[in-house]
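Novice: Before I ask anything, let me first share the structure, which is written out below as C-alpha cells.
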Amino acid sequence: MPIAPEQVEAPARDAVLFKSSPVRTFLALFVLLMLSFAVVAPLAALLGEGGAGYRWWQTALQAAVVAGLAAGAYTYSTRGSLTTWVRVSAGGLELAAQDSDPILLDWADIKHVTVRREGLKNLLEVTPVDLDVVHPVQGEEAGPPALAETVDGQSFTADLSEIWPSPRRLRRELAKYLPADG
C-alpha cells in the first residue's frame, strides 16, 4: 500500500505539496480523445454517406460516451492509479514516485534537479550528491523511486504528467531553494 503524503510529517512549515491527480488525468485523456474525434469525424463524413438523415450530434454524443468510458477506465487502471507526490520545503525535497516509498533529500545533498519534457510527459530527475545521503522517510516495502542513468549520474525519476499543481509551479518552488543553474 503506497504511503500518502498526509501520512508523512512535512519537514518544514513552508512545505508545498505536488501530487498526482486522477481528475487531471481523466480530463487530459478525455480532451485528447475528443480532439481525435474532431479530426477524424470530418474525414469519415467525407468518405462515408452523410445523407439527409445524418445527425452529427449523435456521433459526437457517442464519441463523448466512449471517450468518457476510456478515460475513466485508464484513470482507475493500474497504470493510471500509480501515485506520485513531491513536497518542496526549506527542509528539503521529498519524493515518492509511482508507488515507491518516500525519500527525503536535504538541499545540500542534491547535486542537480531537472524538470523536463520528454514527448508528452513531464519528468523530474533528482540527482543526489551521493546515494548514501538519501533518507527514507517512512516504509520500506516498495523501495525508493526508480533510478535512471543521466548525464549528472544516477538520478531518481518521476513522471509528473499527472501532477497538480503543474510542473511549471514545481519549477518555481524548486528555484526558491536551488542555485540558479540547478
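Novice: Dipole of the chain (Lys/Arg Cβ +1, Asp/Glu Cβ -1, origin at the Cα centre): which of S21, T59, L33 lies farthest to the positive side?
Specialist: T59
Novice: In nanometres, what is the gap between the two model label sites at V23 and V129, each 7 Å from Cα along Cα-to-Cβ?
Specialist: 4.1
Novice: Which value, in Å², gives the accessible area per residue of the chain when a 1.4 Å probe is used on the protein heavy atoms? It would help to have the intermediate numbers written out before the result.
Specialist: Details: 10720 Å² over 182 residues.
On a per-residue basis, 59 Å².
Novice: Oh, and also: Under the rule a/c < 1.5 gives rounded, and otherwise a/b versus b/c splits prolate from oblate, where does region 87-170 land using the Cα gyration tensor?
Specialist: Details: a/c = 1.39, a/b = 1.26, b/c = 1.10.
Here region 87-170 falls in the rounded category.
Novice: Angle between the Cα long axis of helix 167-177 and the longest principal axis of the chain, 0 to 90 degrees, nearest 10?
Specialist: For 167-177 against the chain, the angle is about 10 degrees.
Novice: Any idea what the dipole of region 93-182 comes to, in debye rounded to 20, about its Cα centre with Lys/Arg Cβ at +1 and Asp/Glu Cβ at -1? Write down the numbers at each step before the final one.
Specialist: Values: 9 positive and 17 negative charges, 149 e Å.
Its charge dipole is roughly 720 debye.
Novice: Over the chain, with every protein chain in place, what whole percent of the accessible area is carbon and sulfur at 1.4 Å, could you tell me? Kindly include the intermediate steps, with their values, before the conclusion.
Specialist: On the way: 6590 of 10720 Å².
Answer for the chain is 61 percent, counting heavy atoms of protein chains only.
Novice: For the chain, take the longest principal axis of its alpha carbons; what is the angle in degrees between that and the long axis of helix 22-47, to the nearest 10 within 0 to 90?
Specialist: Taking the Cα atoms of the chain, the angle to 22-47 is about 30 degrees.
Novice: Would you mind checking region 5-43 for residues with the amide N under 17 Å from a putative spin-label position 7 Å along Cα→C-beta of E141?
Specialist: 5-8
Novice: For the chain, what does the alpha-carbon gyration tensor say about shape, rounded, prolate or oblate, given a ≥ b ≥ c as the root eigenvalues, a/c under 1.5 as rounded, and a/b over b/c as prolate? Numbers along the way, then the final one.
Specialist: On the way: a/c = 3.00, a/b = 2.45, b/c = 1.23.
Prolate is the answer for the chain, as a/c is 1.5 or above and a/b outweighs b/c.
The values are calculated or read from the model by the stated rules, or taken from the named source; none is laboratory data. Quick caveat, the model's predicted, so the values are computed rather than measured. Quick reminder, even Gly has a Cβ in these numbers, built from the backbone with ideal geometry, and neighbours come from all protein chains shown. Quick note on the areas: whole protein, heavy atoms, side chains included, nothing else; ligands and nucleic acids left out. Shrake-Rupley method; radii C 1.70, N 1.55, O 1.52, S 1.80 Å.
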